[in-house]
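Below is one structure; the comments refer to it alone.
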Amino acid sequence: MAVWHIEEDGSLQPHATVANRPRPAAHTPAEILRHTFGYPEFRPLQADIIHNALNRRDTLAIMPTGSGKSLCYQIPALLFDGLTVVVSPLISLMQDQVMQLHALGVSAAYLNSSLDYATYGQTVQDIRAGRYKLLYAAPETLLRDETLNLLSQTQLDALVIDEAHCISSWGHDFRPEYRQIAAVRQRFPSAVCLAFTATATPRVQQDIKQTLHFRDENEFLASFDRPNLFLEVLPKRDAIAQVLAFVRERPSTESGIIYCATRKQVDNITAALRHAGFNALPYHGGMDSETRAANQNAFIYDKVPIMVATIAFGMGINKPDVRYVLHADLPKDVESYYQQIGRAGRDGLPAHCRLLLSLGDVFTQRKLIESNDPAEQAGQHARLDEMVRWAQAADCRRNRLLAYFGETASPTTCDQCDNCRQTEHATADLTIAAQKFLSCVKRTGGRFGASHIIKILRGSRDKKLLQWGHDKLSTYNIGQEFSNHEWQFLAQQFVQMDLLEPDLQYQTLKLTAEGEAVLKGKPVAGRLPHWEDGSPRKESAADLSPRHPELFEVLRRKRAELAAELNYPPYAIFPDRTLIEMATYLPQSPASLANVHGVGELKLKRYGEPFIKLIQWYCRNNGLAEEARPTTAVPSSPPPTSLSPRALQMAQAFTNGRTIPDLVREQGVKRQTIISHLGDYVKAGHKLPAERLQEESELTAEQQAAVMTAFDTHGGDYLRPIYDALQGQVDYDELHLWRIIWIIGA
Ligand code: ADP
Ligand code: ZN
């Protein structure tokens, strides 16, 4: 087996000096990632875990749902000569994984009790003949003598344990047969063992490692942060009316889950949605299993966008494009809440998580607890208390959630929860953005809503827009500097600032007297839609709306057609993000289509042509040309356009000798706010005395040097890579400060 090491650019390469068994092709993990999976770069920890696997080091990885665990063993499986066996407890998950692998052209199969006799026999023969790279098996199937004998006749290179927390009786999902996997591992000592789970308390982690005889250093703990999820809690007044209002705001094709505490609530909300014309289906334990499976499939296969469900729904659901999770009732604890919202946005695109909170719900939950096993009630009450405390908190919801799972979160605000958005200080100069938006509202006579205005600003070729002749306006296509998502964020602020008055009945926006004043030159200070702190913005805040929505719909239909033909869910053909990019950059050749997110070699070959044809057709009809796709390394939002007066004032005060603590006291703002002003000042090209900034730091000289080196290596655009490079030992407050020092010196 070749030995692998990580290159400076983060790629994995075979070690040149060790040439053991000849390998079929000079493939590296990064090449497989690009060519087979169609992704440009690894997510955090993926490269490290793959590196470990290829070097035959047993590994335990704790990574939240949606962080990309599968790739961590699928890529090594493709590089190994022999077979990789994946133990997985859920039949639906196995089927889904194998189906997705087939769509990528990877030979994979599963063995479990759902197979009929003939298929089972054929699969066994194919395994013996070495036709598969990956074999998924239920634990009870794996433990059978026949299976073990079969495996001894193959070259077993890796044994993967998915949902590894099932090994531990301390976990919430203990399965005794999982414990016996330890014996299987001993029987195949040359196979590397990889264990994955999305939930494990320290005690469970310890238990997994002990049972499997793992060493500590091979444990990877990913951050539980899911920066693309927007978290929000609203007081519950009328659950049904609030659910209806929420889904009305969203595009009708968007997938979402509405969680309820009871079957009755599921039925009521489903009925109300259907009555209002929405395509929704129910899912709860009181339904027969056939209907349940049919409803679940309708959701997975994009036939029905809205699933109204009790917590019975969601286990084993791998659907990547769930755009919202709405809790109509209070979950019983933070663990459940985290697991349920975890089903949203697994593709890394923005997703919305809203929880409706009423004190009545707390009371109902308490009643439920009182009917449980008395021995467990105290713990359940305590966990419910935590949940309520979380929901009622006024500070950053994300930080609180991370703290609950034992992570020290960054001290800054996250921008992606209701509380952070409300309390953040308004500091950036938004005058130009406001003028663009307001003038567009004015020129269209105050008869349109925010979405339409944004389409004009971003130069959309939307049919309605063209019918209105809005492509002829002077404000057409002058707002490319912000994405759709970002303009929505700005528009909300303009409404809050009273520059615009919304008409709730017609969903339109009108200019107010204050708005008129802005058009005459009155400055506007507010918050830029600017994701700081290295949240993986490239992926997470990626624009959800294609530049050419009509084409997007055409491509979506083609995808549905192909999916129906092949009996795949649509996302297995191409995920939404791929279609969004197609309908934005208009790739018209295989070469440029290959650059699009999620388009690997096989998918290009199999499905590329019909999509290219449709794009060509659309471009011909509309006189459009292909556009260059920006590389992912470039952040999609520009730096703040102009410096706010506040930043200027702070910078001058600092230069004149005030320290940061002085400013905190005098101005009554947080330390972080001041550092952020100083940062804006420096980013705008001005200088500040670097040594004085250095005096504000609490880092040791050694740490300071390490931070500077990390900035030299990773650049200053994102703090997350720096934070990770320093193993989380330097907090974000310090990193913000040191970024300024680094920029001054650079
Ligand atoms: P998990 O098993 O951790 O819940 P998955 O393995 O199902 O997560 O991955 C979630 C989604 O992220 C999948 O759609 C997967 O294809 C995608 N994904 C995984 N790794 C990457 C990557 N490096 N770049 C882009 N997308 C990725
Ligand atoms: Zn927050």
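The values are calculated or read from the model by the stated rules, or taken from the named source; none is laboratory data. Since we're looking at a predicted model, the values are computed, not measured. Here the Cβ positions follow ideal geometry from the backbone for every residue, glycine too, while neighbour counts run over all protein chains shown. Only protein heavy atoms, including side chains, enter the accessible area calculation; ligands, DNA and RNA are left aside. Shrake-Rupley method; radii C 1.70, N 1.55, O 1.52, S 1.80 Å.
Report yes if some residue within segment 17-28 is open to solvent by less than 20 Å² (accessible area, probe 1.4 Å) and either under 30 Å from R343 (Cβ atoms) or at pLDDT below 95 (or both); otherwise report no. So that I can check it myself, show each step before the final result.
First, the residues of segment 17-28 that are open to solvent by less than 20 Å² (accessible area, probe 1.4 Å): 28.
Imposing the further condition that a residue be either under 30 Å from R343 (Cβ atoms) or at pLDDT below 95 (or both) reduces the set to 28.
Yes, segment 17-28 has at least one match.
In segment 166-274, which strands (runs of 3 or more DSSP E) lie fully inside it and hold 3 or more residues that are open to solvent by 10 Å² or more (accessible area, probe 1.4 Å)? Walk me through how you get there before you give the answer.
Numbers: elements: 192-197, 219-221, 229-235, 255-259.
Once the strands (runs of 3 or more DSSP E) in segment 166-274 are filtered for at least 3 residues that are open to solvent by 10 Å² or more (accessible area, probe 1.4 Å), what remains is 219-221, 229-235.
Being modelled with pLDDT of 90 or more and farther than 28 Å from R323 by Cα, is that true of even one residue in segment 573-589?
yes
Do you know which residues across segment 602-631 are crowded, with 19+ Cβ neighbours inside 10 Å and of a type in the set (D, E, K, R)?
K603
Does at least one position in segment 198-206 carry a residue that is farther than 25 Å from L111 by Cβ and either without any contact (Cβ under 8 Å) to a residue 12 or more places away in the chain or in the same structural domain as D415 (by TED's automatic domain parsing) (or both)? Show your work before the answer.
First pass over segment 198-206, keeping only residues farther than 25 Å from L111 by Cβ: 199-206.
Within this subset, residues satisfying the condition of being either without any contact (Cβ under 8 Å) to a residue 12 or more places away in the chain or in the same structural domain as D415 (by TED's automatic domain parsing) (or both) are 206.
Yes, segment 198-206 has at least one match.
Quick check on segment 683-694. Is at least one of its residues touching a residue at least 60 places away in the same chain (Cβ under 8 Å), among the charged types (D, E, K, R) and either buried (at least 18 other Cβ atoms within 10 Å of the Cβ) or assigned to a helix (DSSP H, G or I) (or both)?
Restricting attention to segment 683-694, the residues satisfying the condition of being touching a residue at least 60 places away in the same chain (Cβ under 8 Å) are 683.
Still in the running and among the charged types (D, E, K, R): 683.
If we keep only those that are either buried (at least 18 other Cβ atoms within 10 Å of the Cβ) or assigned to a helix (DSSP H, G or I) (or both) as well, we get 683.
Yes, segment 683-694 has at least one match.
Residues that are within 15 Å of ligand 1 (Cβ to nearest atom), part of a loop (DSSP other than H, G, I, E, B) and touching a helix residue (DSSP H, G or I) at 6+ places or on another chain (Cβ under 9 Å): does segment 327-345 have at least one? Lay out the reasoning, then the answer.
Looking only at segment 327-345, we keep the residues that are within 15 Å of ligand 1 (Cβ to nearest atom), and these are 338-345.
Within this subset, residues satisfying the condition of being part of a loop (DSSP other than H, G, I, E, B) are 342-345.
With the extra rule that they be touching a helix residue (DSSP H, G or I) at 6+ places or on another chain (Cβ under 9 Å), the set shrinks to 345.
Scanning segment 327-345, I find at least one residue that is within 15 Å of ligand 1 (Cβ to nearest atom), part of a loop (DSSP other than H, G, I, E, B) and touching a helix residue (DSSP H, G or I) at 6+ places or on another chain (Cβ under 9 Å), so the answer is yes.
Just name the residue that is farthest from S255 (Cα to Cα) out of those in segment 299-314 that are modelled with pLDDT of 95 or more and of a type in the set (A, V, I, L, M).
So, considering only residues that are modelled with pLDDT of 95 or more and of a type in the set (A, V, I, L, M), the one farthest from S255 (Cα to Cα) is A309.
Can you tell me which residue among K558, K603 is charged (D, E, K, R), at pLDDT 90 or above and part of a helix (DSSP H, G or I)? Talk me through it step by step, then tell me what you get.
Values: K603 fails: at pLDDT 90 or above.
Sole residue among the options that is charged (D, E, K, R), at pLDDT 90 or above and part of a helix (DSSP H, G or I): K558.
Any chance segment 283-292 includes a residue that's in contact with a strand residue (DSSP E or B) (Cβ under 6 Å, 6 or more places away or on another chain), of a type outside the set (K, R) and outside the structural domain of G68 (by TED's automatic domain parsing)?
Yes, the conditions are met somewhere in segment 283-292.
Could you list all residues from segment 484-521 that are at pLDDT 85 or above and among the hydroxyl-bearing types (S, T, Y)?
If the condition is that a residue be at pLDDT 85 or above and among the hydroxyl-bearing types (S, T, Y), then T512 is the only one that fits.
Select from segment 707-723 the residues that are touching a residue at least 24 places away in the same chain (Cβ under 8 Å) and of a type in the set (A, V, I, L, M, F, W, C) and write down the one among them that is most open to solvent (accessible area, probe 1.4 Å).
Here the answer is M708.
Which count do you get for residues in segment 298-316 that are part of a loop (DSSP other than H, G, I, E, B) and open to solvent by less than 10 Å² (accessible area, probe 1.4 Å)?
Of all residues in segment 298-316, those part of a loop (DSSP other than H, G, I, E, B) come to 301-305, 310-316.
The next check asks that each one be open to solvent by less than 10 Å² (accessible area, probe 1.4 Å); those that pass are 313-314.
Adding up the residues that qualify gives 2.
Looking only at segment 724-746, count how many residues are under 23 Å from Y681 (Cα atoms) and touching a residue at least 60 places away in the same chain (Cβ under 8 Å).
Here the count works out to 9.
Tell me which of these L79 doesn't satisfy, since it passes every other one: (1) under 24 Å from A182 (Cβ atoms); (2) more than 25 Å from the chain's Cα centre (by Cα).
Looking at each condition in turn, L79 falls short on (1).
Any idea which of (1) within 16 Å of ligand 2 (Cβ to nearest atom); (2) modelled with pLDDT of 90 or more is the one A394 doesn't satisfy?
It is condition (2) that A394 fails.
Could you list, in sequence order, all residues of segment 275-297 that are in a loop (DSSP other than H, G, I, E, B) and within 22 Å of Y337 (Cβ to Cβ)?
First pass over segment 275-297, keeping only residues in a loop (DSSP other than H, G, I, E, B): 276-279, 284-288.
H284, G285 - these are the residues of segment 275-297 that are in a loop (DSSP other than H, G, I, E, B) and within 22 Å of Y337 (Cβ to Cβ).
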